[in-house]
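A.B. asks: Below are the structure tokens for one structure; questions will follow.
Throughout, read-outs are computed from the coordinates displayed, never taken from laboratory work. No experiment lies behind these values; they were computed from the predicted model shown. Glycine gets a Cβ as well: all are built from the backbone with ideal geometry, and neighbour counts include every protein chain shown.
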Amino acid sequence: MPISRRRKPKDDKVSQTSTNFEPINLDGPRWIAPAMVTFFIIGLIYIVTFYIAGSSVPGMNSLNALWNIAIGFGFLIIGFILSTKWR
């Protein structure tokens, strides 16, 4: 059986013609993660408080049920928007 020829190793060295590359900063601001978690927690607490004791909380009993849910989900949506900015 014939023996196949060996391949020559390729030169994987890439010649850099320009060394003026600026590094890309992929880090987000440091306040994004705490703000994101805070909005998630506030939204969750608001919705749970509305369902458990919504009629006895002074600010919640004057609002319609849909408005209370919308406020809670608004906090959650802000948290999700901030999560897209976090790296």
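A.B. asks: Of all the residues that make up region 42-57, how many are surrounded by 13 or more Cβ atoms within 10 Å (Cβ to Cβ) and in a helix (DSSP H, G or I)?
C.D. replies: Selection size over region 42-57: 7.
A.B. asks: What are the residues in region 58-86 that are among the hydrophobic types (A, V, I, L, M, F, W, C) and surrounded by 15 or more Cβ atoms within 10 Å (Cβ to Cβ), if any?
C.D. replies: M60, L63, I69, I71, F75, L76, I78, L82
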